[in-house]
Structure formats: C-alpha cells, structure tokens
Amino acid sequence: MIKKIKLDDAYSLKSPKDSIKLYKKWADTYDKDFALNSNYLSPEKISNFFIKYSKDTDSPILDVGAGTGLVAEILNINGKKDIMGIDISAEMLHQANLKECYSSLIEADITKKIPLKNNSVGAVISAGTFTHGHVGPDALDELLRITKPGGLFVLSVNSKFFIKAGFKEKFKKIKNLITSPLFEEFSAHGKNDNQTYNAVKISACIFRKN
C-alpha cells in the first residue's frame with residue numbers, strides 16, 4: 001500500500017532536491033488528496049487579495065510556486081489574465097499546464113537566480129510557497145529584481161514561519177525598496193476534522209515595489 005502524503009511531509013522538507021522528490025510523487029493527487037480534502041483556502045484568499053488591490057497595469061503576473069495551478073484557476077475565473085507560472089517541480093507544472101491557465105510555465109528554483117529579465121514582471125502572487133521546508137525570505141531579492149517599479153506583490157507566508165525564518169527582519173531590510181506592507185492573517189484551511197490543518201495560520205503580505 002502506498003503511503004499517503006501529508007502536510008507534515010511537506011513541512012519536513014530540507015532542500016530543493018527534497019521538494020522535487022516529494023512533489024514528483026504528489027503531483028497527480030495533490031488537488032484531490034490535499035487541496036480538496038483539507039479544504040485548502042490559501043489560493044482563494046490570496047487570489048481575492050490580488051483582485052482587491054491590483055490594477056490593469058499589474059501584468060504579466062508571476063505565480064510563484066505555481067504548483068498545480070490553483071491560484072491561476074481562480075484568477076482566470078475573474079477574466080482571462082496574462083499569468084506566468086514558476087515552480088521547481090516539473091510534475092506539478094504538468095498538472096498546471098493541463099488547466100490552460102498560464103501564458104507560460106518556467107521550471108526553476110526561485111532560491112537561485114530566476115531566468116527572467118530585470119523589471120519584466122508586472123506583479124507577483126504566491127500561495128503556499130513561503131513556508132516550512134520550502135522558500136525563505138531571501139527569495140524576495142530576486143523577485144524584486146524581476147518586477148517592474150510599482151508592481152504588486154501578494155504573498156502568503158506561514159505565520160509560524162514569519163519570524164522564525166526571518167521575514168520580519170527581511171521586510172525591515174527592504175523597506176526602502178517597497179511600499180509599507182499590509183499584513184492580513186487568515187486560516188489556511190476551512191473547518192476541518194484534522195486539527196493540524198485547523199492550526200495553520202497565514203499572513204498575506206501585500207505591497208508594491210517602489
């Protein structure tokens with residue numbers, strides 16, 4: 001019997017290679033076994049914040065840690081948008097491609113140099129990537145490099161991870177590069193029988209590049 005992958009498996013990742021291995025196994029069943037069964041709300045919440053604060057000029061949008069395309073699916077319900085997806089997992093991007101929500105998909109590790117030009121992206125959105133075992137605050141440097149001045153950022157950061165991983169300090173360091181951030185906390189999952197899911201809180205970090 002194949003062991004079912006759980007949230008704890010994702011939180012226990014130690015390196016980008018670990019992420020590639022896990023999501024290779026999880027890609028086919030991620031939407032059903034995790035997103036649907038756990039009542040995963042982060043993609044919808046982050047998408048709604050983006051819709052609330054975005055302008056027509058916030059394009060193209062880069063979906064960071066695009067995974068199976070949950071964010072782009074929601075954004076495209078509200079009118080077709082120019083969305084690029086970037087993720088470390090080829091298998092997750094394959095699932096995203098099947099949804100036909102993206103103008104392009106990039107397989108890359110965002111903890112390294114991102115293969116996009118300076119000031120080429122109009123906005124950055126991310127749900128579920130800045131969390132335990134995944135991506136830390138230093139990735140913001142590259143994301144700022146590739147984003148146009150005035151571009152909108154709407155990022156989910158796991159609340160327990162926020163101070164522990166150095167996001168609080170990072171926002172102090174980059175304060176002159178961005179507008180004053182707005183932080184909105186919400187639950188990552190809707191009501192759930194699984195107490196692990198109920199305990200997960202997310203900070204939505206909303207700001208613009210100066």
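Could you tell me which of the residues E169, E107 is over 13 Å from the mean Cα position of the chain (by Cα), under 18 Å from A72 (Cα atoms) and modelled with pLDDT of 95 or more?
Residue meeting the stated conditions: E107.
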**OP:** Would you mind telling me which numbered condition in (1) out of contact with any Ser or Thr (no Cβ under 8 Å at 6 or more places or on another chain); (2) surrounded by fewer than 23 Cβ atoms within 10 Å (Cβ to Cβ); (3) closer than 25 Å to I202 by Cβ I86 fails?
**Re:** (2)
**OP:** May I ask you to verify whether S59 is under 26 Å from T111 (Cβ atoms), of a type in the set (S, T, Y), at pLDDT 85 or above and part of a loop (DSSP other than H, G, I, E, B)?
**Re:** yes
Subject >> helices (runs of 4 or more DSSP H) fully within the range 93-210 counting 2 or more residues that are of a type in the set (D, E) >> reply: 139-146
Subject >> Candidates G128, G150, filtered to the one that is farther than 24 Å from E73 by Cβ and in contact (Cβ under 8 Å) with a residue 60 or more places away in the chain >> reply: G150
Original post:
Which residue pairs have Cβ atoms closer than 9 Å, lie 6 or more positions apart in sequence or on different chains, and pair a first residue in the range 90-104 that is buried (at least 18 other Cβ atoms within 10 Å of the Cβ) with a second residue that is part of a helix (DSSP H, G or I) and among the small types (G, A, S)?
Top reply: A96/A72; C101/A72; Y102/A72; Y102/A96
Original post:
Taking the range 139-163 as the search range and keeping residues that are of a type outside the set (A, V, I, L, M, F, W, C) and over 16 Å from I86 (Cβ atoms), which one is surrounded by the most Cβ atoms within 10 Å (Cβ to Cβ)?
Top reply: N158
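The values are calculated or read from the model by the stated rules, or taken from the named source; none is laboratory data. Everything numeric here is computed off the predicted structure, so don't read it as measured data. Glycine gets a Cβ as well: all are built from the backbone with ideal geometry, and neighbour counts include every protein chain shown.
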